[in-house]
Amino acid sequence: MTPSPRSLARNFLSLAVSRLVQIASGFFVLLAVARVLPLDDFGRYASIMALAGAVVAVTYFGIQQIMIRDMALDRSCAPAALGQALTLRLGLLVLAGLVLATIGFFSGYKGPAALGLALAFGIEACRSLSLLGCAVFQAYECMGYEPPLSIISGLASLLLVGLALWLGLGVTGVLAGLFAAAALHMLLVWFVSGRSLCRPSFSFDRSALWRMLAASSVVGLGVFFHQNLFRANTLALTWLADLAAVADFQAPHEFILKLEILPQALMLAVFPALARLAPVDPLGARRLFRLIFRHTLHAMVLPSILLAFYAEPACMLIFGPKYTGSVMVLRILSLAMAPLALDMLVNNVLVAIGRQRYALYYAAAALALNVAGNIYAVPRYGALGSAVVALGSYLWLLAFSTRFAARHGFRSHATGPLLRVLCAGGACLGACALLRQMPFVGASLGALVYVAVLAGLRAFGRRDILELRSVMHPRPQGTDNPGENL
């Protein structure tokens, strides 16, 4: 018997635990690799992963979002939808593997470099299939299955990468350890989802496959541009600078992206609810969007402030003294944390209401501007210039995603939250400035001051829980409250 859907709060807590485990394991892997490998080897590792990830990004192709939306709306079509999604993803993985092999051959990858590229492709392929399997948990709103699987794979990655570094196996050993952990996670996800929720049906239906491919193509191109926007700077530094510059940029950049895993958990938990509410209760969907937008903004500004202010001690603590060139890069990229998290939310809204083509437009423009900016900035300013270009690209995403969402009634009403954040952020900076030479104490005090000011300004409270409960029960259209500001 299929379990009944869990509440949004419980799903978010499950995903939060899962993502916290991923953050912790990813952080320790990043710390170990950055500290143990020489600077150029870490740059080589980052370049190989960026190249493989850029090619495999095409396999995501919006398939997960379309599958979740279809399964959430009609449970009876779930096995067929899952089979179609898995068929499309496997086909795209084969295509991506051939493209990557061709690129590697003509780029001169031989010996250990070719093996490393193959292992990086395996890592990304396993991650792609794992995400599709985890999308089944999302579609059934039963995310409680994820934390145990994340714990197992996280411990495996720590053990295997640590063993590779201890044995002195270098970049190839690190990639082999990550591949084994990713493969283990993929197998566990598909075993659990098939046994407990839904097994794919592989009855060949050409018209259904074409429909899913057509529906997901717009989302897919947008996802492809989004994913490669995160890799464009690393690849630009690989081609226009040296491996040391790649390392100086990618170490803090990867750290920031790992911190974004936690707000991503919230967006993953919210998406099925938005997809379910949008057709039957658009007012409820808009209220849920504003609620999540408001609290995401409140939550993500704090780590941005602390990392920007204490960038130097943070770099020395996390990456070691050889990463002095990463200090200003971390300071700049930390300012992107809130825009990245909010853009994830708005992008989910656009997919939920069937307006995913907008994401294609602004993501493609952002990637084009990013490439042009890097061509100008990297030869002149190196990793620092690339960081500025990356921040500008992420701000572009948020500016245009919110603009397009507002066209369809999903307005963030962010003036009040922004003013509260400015007050709390100013107080936090003041507390940190008083304890500039004591980073741990200063960051702790700054965080307490930030939360206290937000609490004093009534930024959160019991009314938010009541509002969340109210919007999770769909109402027929036309029952909205008089005077409700849409």
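The values are calculated or read from the model by the stated rules, or taken from the named source; none is laboratory data. If you're wondering where the values come from, they're calculated on a predicted model, not measured in any experiment. Every residue, glycine among them, receives a Cβ derived from its backbone with ideal geometry; neighbour counts consider all protein chains shown. Keep in mind that these areas ignore ligands, DNA and RNA; they rest on the heavy atoms of the full protein, side chains included. Shrake-Rupley method; radii C 1.70, N 1.55, O 1.52, S 1.80 Å.
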State the percentage of accessible surface on the chain attributable to carbon and sulfur atoms; use a 1.4 Å probe and exclude ligands, DNA and RNA. 69 percent
Could you rank Thr59, Thr324, Thr87 by how accessible they are, 1.4 Å probe, largest area first? Thr324, Thr87, Thr59
What value does region 71-225 have for Rg/Rh, both radii from Cα atoms and Rh as Kirkwood defines it? 1.02
How are the Cα pair distances of region 248-346 distributed, in percent, across 5 Å bins from 0? 2, 13, 22, 18, 14, 10, 8, 6, 4, 2, 1, 0
Using DSSP H assignments, which helices in the chain have an axial alpha-carbon span of 27 Å or above and a mean Kyte-Doolittle hydropathy of -1.0 or higher? 8-36, 78-106, 112-139, 146-166, 170-196, 206-240, 261-280, 282-309, 357-407, 415-434
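With r defined as the distance between the Cβ atoms of Leu391 and Ser201 and R0 fixed at 51 Å, what FRET efficiency is calculated, to the nearest 0.05?
0.70
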Which label marks the calculated value of percent of Cα pairs over 28 Å apart, given the options (i) 53; (ii) 49; (iii) 66? (i)
The answer for region 333-389, accessible area per residue at 1.4 Å probe in Å², is 34 Å²
If region 153-231 were replaced by its equivalent ellipsoid, with semi-axes equal to the square roots of 5 times the Cα gyration tensor eigenvalues, what would those be, largest first, whole Å? 34, 21, 10
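What is the chain's relative contact order, in percent, from Cα pairs under 8 angstrom and six or more apart in sequence?
On the way: 693 pairs, mean separation 99.2, N = 486.
Taking the mean separation of contacting Cα pairs over the length of the chain, I get 20 percent.
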Leu20: accessible area at probe 1.4 Å, nearest 10 Å²? 90 Å²
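Which chymotrypsin sites (Phe, Trp or Tyr not before Pro) in region 196-276 sit in a loop by DSSP (not H, G, I, E or B) and have at most 10 other Cβ atoms within 10 Å of their own Cβ? List each step's numbers first, then the result.
Working: sites: Phe202, Phe204, Trp210, Phe224, Phe225, Phe230, Trp239, Phe249, Phe255; in loops: Phe202, Phe204.
Passing sites in region 196-276 are Phe204.
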Value of relative contact order over region 312-400, rounded to a whole percent, pairs C-alpha under 8 Å and six or more apart: 37 percent
Normalised per residue, the volume inside the convex hull of the alpha-carbon atoms of region 24-163 in Å³ amounts to 108 Å³
Which value at 222 nm does the chain reach when only helices count, each DSSP H run of 4 or more adding -39,500 (n - 2.57), with the total divided by all residues and rounded to the nearest 500 deg cm²/dmol? -28000 deg cm²/dmol
Rg [Å, one decimal], Dmax [Å, integer] - region 305-433, C-alpha atoms: 17.1, 49
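Dipole magnitude of the chain about its Cα centre, charges +1 at Lys/Arg Cβ and -1 at Asp/Glu Cβ only, in debye to the nearest 20?
900 debye
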Compute the label zone of Arg35 within region 233-277: residues whose backbone N is under 17 Å from the point 7 Å along Cα-to-Cβ. 251-252, 255
Solvent-accessible heavy-atom area per residue, rounded to whole Å², over region 186-298 at 1.4 Å: 37 Å²
